[in-house]
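Chemist: Attaching a single structure in structure tokens format; questions to follow.
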Amino acid sequence: MGSEKAEGYSKVPEVTLIFWVIKILATTLGETGGDSLSMSMNLGYLVSTAILGAVFLGMVWWQIAAKRFNPWLYWATIVATTTVGTTLADFADRSLGIGYAGGASILFVLLIASLATWYFTLGSVEISTVSSPRTEMFYWVTIMFSQTLGTALGDWTADSAGLGYTGGIVVFVTLIALVAAAYYWTSISRTLLFWAAFVLTRPLGAVLGDFFDKPVASGGLALSRYSASALLVIVIVIAILVFPPRAAKTAH
């Protein structure tokens, strides 16, 4: 919030139900937005990744340079990570021929390596510690890997595993529900559950985005990627206005 001092508050929002709702909307937007550049505009995966990668780096720099938590800047940066994650995963899986399973495996290793390096360097991977430039660098690198991994997982589930978009939606909604149940009824590490949910909401957004814009013959709704993206932006803006996110308090 604008009136809050940077000291004592994280540079990321507190984790509430609306956080997860906006996260799913943002990851769905990342899928439709990324595909708009690479497919609808026919820029291809490599050129789209270069463009969106530059946007991502600019947004992360802006986010780290900010003195206080800014919900608009934070969620714009999340959208930037998920759009470039979409085109980067598609480039690796399709253009380089690694395949969904291979791409997901590599990205999973990178995600675990990022979390491990963060933990052994700073002693914690809790988001309540994200209040310094050094921690933010680890945070955004980890998010970048998680968003790209999520795209590969979503495509693998819907396409290679043959579950289709609705089947993929059911799978990831079920997995997220299990994580939520573990949060409320077990003593499993809350930090572990947070990152599990953070990763799983990305493939849910990926299959939701594909469900919206893929042809009816392929199991989609055949909506315009541009109109779907615009609608998602409007809903995200309304959600932030109606339920203004607050900065998470830093760990004491």
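Chemist: What's the exposure ranking of ILE238, ILE51, going from fewest to most Cβ atoms within 10 Å?
Modeler: ILE238, ILE51
Chemist: Note down the relative contact order for the chain as a percent, whole number, built from C-alpha pairs under 8 angstrom at least six residues apart. Before the final figure, lay out each step's value.
Modeler: Values: 372 pairs, mean separation 82.8, N = 252.
RCO, the chain: 33 percent.
Chemist: A further question on this structure: Students often check this: by mean Cβ neighbours within 10 Å, which of 114-123, 19-28, 199-208 ranks highest, and how do the rest follow?
Modeler: 199-208, 19-28, 114-123
Chemist: Another one. In degrees from 0 to 90, rounded to the nearest 10, what is the angle of the helix 164-185 Cα long axis to the longest principal axis of the chain?
Modeler: With both axes taken from Cα atoms, the answer is about 20 degrees.
Chemist: Using a 10 Å cut-off around each Cβ, can you sort LYS11, LYS214, LYS67 from fewest to most neighbouring Cβ atoms?
Modeler: Fewest-to-most ranking of LYS11, LYS214, LYS67: LYS67, LYS214, LYS11.
Chemist: What FRET efficiency would be calculated for the residue pair LEU73, ALA230, taking the C-beta separation as r and a Förster radius of 22 Å, to the nearest 0.05?
Modeler: 0.60
Chemist: Taking the Cβ of ALA180 as the centre, find all other residues whose Cβ is under 14 Å away and add up their charges (Lys, Arg: +1; Asp, Glu: -1).
Modeler: +2
Chemist: Projected onto the charge dipole of the chain (+1 at Lys/Arg Cβ, -1 at Asp/Glu Cβ, origin at the Cα centre), which of PHE69, LEU204, VAL173 gives the Cα projection farthest towards the positive end?
Modeler: Final value for the positive-end residue is PHE69.
Chemist: From zero up to wherever the largest Cα-Cα distance of the chain sits, split into 5 Å bins and tell me the percent of pairs in each.
Modeler: 1, 7, 13, 18, 21, 17, 12, 7, 3, 1, 0
Chemist: To the nearest 500 deg cm²/dmol, what mean residue ellipticity at 222 nm is calculated for the chain from DSSP H runs of n ≥ 4 alone, each contributing -39,500 (n - 2.57), summed and divided by the residues?
Modeler: Values: 8 runs with 172 residues, N = 252.
Only helices count here, giving -23500 deg cm²/dmol.
Chemist: Still on this structure, please answer the following. With charges set only on the Cβ (+1 for Lys and Arg, -1 for Asp and Glu), what does the dipole of the stretch 9-249 come to about its Cα centre, in debye to the nearest 20?
Modeler: Values: 12 positive and 11 negative charges, 148 e Å.
Using only the charged Cβ atoms, the result is roughly 720 debye.
Chemist: How far is it, in nm, from the label point at PHE108 to the one at LEU17 when both lie 7 Å from their Cα along the line to the Cβ?
Modeler: 3.2 nm
Chemist: At a 10 Å Cβ-Cβ cut-off, how would you order MET144, MET59, MET39, MET137, fewest neighbours first?
Modeler: Exposure proxy ranking, most exposed first: MET137, MET39, MET59, MET144.
Chemist: Shifting gears a bit: Subtracting the Cα-Cα distance from 0.36 nm times the residue separation, let me have the gained length for THR174 to VAL237 in nm, one decimal. Spell out each step's value before the answer.
Modeler: Working: separation 63, 0.36 × 63 = 22.68 nm, distance 2.70 nm.
Answer, rounded to one decimal: 20.0 nm.
Chemist: Follow-up. Expressed as a fraction of 2.2 N^0.38 Å, the rule-of-thumb size for a compact globular protein of N residues, what is the C-alpha radius of gyration of the stretch 64-168?
Modeler: Values: Rg = 15.4 Å, N = 105, 2.2 N^0.38 = 12.9 Å.
Rg over 2.2 N^0.38 Å, computed on Cα atoms: 1.20.
Chemist: Between ALA222 and VAL47, what is the spin-label point distance in nm, taking each point 7 Å from the Cα along the Cα→C-beta axis?
Modeler: 2.8 nm
Chemist: Further question on the same structure: Modelled label-to-label distance, SER187 and TRP62, 7 Å Cα→beta-carbon offset: nm?
Modeler: Output for this residue pair reads 4.5 nm.
We did not get these values from a lab; they are worked out from the coordinates using the rules stated. All of these numbers come straight from a predicted model, not from anything done at the bench. Cβ sites come from the backbone with ideal geometry, for glycine too, and all protein chains shown count toward neighbours.
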